[in-house]
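Participant: Dropping a structure here in structure tokens format, bear with me for questions.
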Amino acid sequence: MAGLELLSDQGYRVDGRRAGELRKIQARMGVFAQADGSAYIEQGNTKALAVVYGPHEIRGSRARALPDRALVNCQYSSATFSTGERKRRPHGDRKSCEMGLQLRQTFEAAILTQLHPRSQIDIYVQADGGTYAACVNAATLAVLDAGIPMRDFVCACSAGFVDGTALADLSHVEEAAGGPQLALALLPASGQIALLEMDARLHEDHLERVLEAAAQAARDVHTLLDRVVRQHVREASILLGD
């Protein structure tokens, strides 16, 4: 992360945040009535929409059915509200396929798939800029909205390393600047890591600090998402007259 000064002498980032501070997060559940579950999230300027269908019967060849658990199918596409880097990509391009694979790995670790053998759960995510963390957080809310049992929330956040300081929840400017960056998906209650990816070299002396910055940020995300879920349940209860 060179060139642009990403961290001031006073410890402030380009957008005014401290090193471990999250961008503003806003989220809503139940935004798409036709799906079994849905959610929309904004993390800073990043937007993501997730919809979930299932569990339902296997679509296509029944040979794909797993006898002991549900098949988790995840697909990612670039959103129509994309801007900047952020060109609309055709569905099925390499980055979309990689994101879909990462999401599937993440949610296979979190969903109690053994409760729904020989069935299929579909998770579709759209986001601007392909931000893994926002996709995971939106999908978590959508899976919960669908009533699909999970071991725990799965909460994700990015982190990087600038001038000897670990930065949590990287902005688009910080990501674009390059340098060591990692993405972490965490099950906060157990501390289990569902996915960890790093896209540049980082000396092992610094890895623990960056990893802990991402983990703490993911726990902070959990606090916010839990609040969204509780508010959604309260509103649903009022509508049902409970």
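The values are calculated or read from the model by the stated rules, or taken from the named source; none is laboratory data. Worth saying up front: this structure is predicted, and the values here are computed from it rather than measured. With ideal geometry, Cβ positions are generated from the backbone for all residues, glycine too; neighbour counts draw on all protein chains shown. Heavy atoms of the whole protein, side chains included, go into the accessibility calculation; ligands, DNA and RNA do not. Shrake-Rupley method; radii C 1.70, N 1.55, O 1.52, S 1.80 Å.
Participant: Taking only protein heavy atoms and a 1.4 Å probe, what accessible area per residue, in Å², does the chain have with all protein chains in place?
Facilitator: I get 50 Å² per residue for this part.
Participant: GNM on the chain, C-alpha springs below 10 Å: top fluctuator among 44, 178, 60?
Facilitator: 60
Participant: Roughly to the nearest percent, how much of the accessible area of the chain is carbon and sulfur, given a 1.4 Å probe? Write out the running numbers ahead of the final one.
Facilitator: Numbers: 6070 of 12070 Å².
Reported share for carbon and sulfur atoms: 50 percent.
Participant: Measuring from centroid to centroid over Cα atoms, what is the spacing of the range 155-227 and the range 101-137 in Å?
Facilitator: Here the answer is 19 Å between Cα centres.
Participant: Using the Kirkwood radius over Cα pairs, work out the Stokes-Einstein diffusion coefficient for the chain at 37 °C and 0.692 mPa s, in µm²/s as a whole number.
Facilitator: Working: Rh = 18.5 Å.
Roughly 177 µm²/s, to the nearest whole number.
Participant: With loop defined by DSSP as not H, G, I, E or B, and exposure as at most 15 other Cβ atoms within 10 Å, which is the longest segment of the chain clear of exposed chymotrypsin sites (Phe, Trp or Tyr not before Pro)?
Facilitator: The reported range is 82-242.
Participant: What's the magnitude of the charge dipole for the chain around its Cα centre, counting Lys and Arg as +1 and Asp and Glu as -1 at the beta-carbon? Answer in Debye, nearest 20. Before the final figure, lay out the partial values.
Facilitator: Working: 26 positive and 30 negative charges, 166 e Å.
The dipole of the chain has a size of about 800 debye.
Participant: Same structure again: What do you get for trypsin sites (Lys or Arg not before Pro) in the range 192-241 restricted to DSSP loop and a cutoff of at most 10 other Cβ within 10 Å of the site's Cβ? Write out the running numbers ahead of the final one.
Facilitator: Numbers: sites: 201, 209, 219, 227, 230, 234; in loops: 201.
Listed in order of number, the matching sites are 201.
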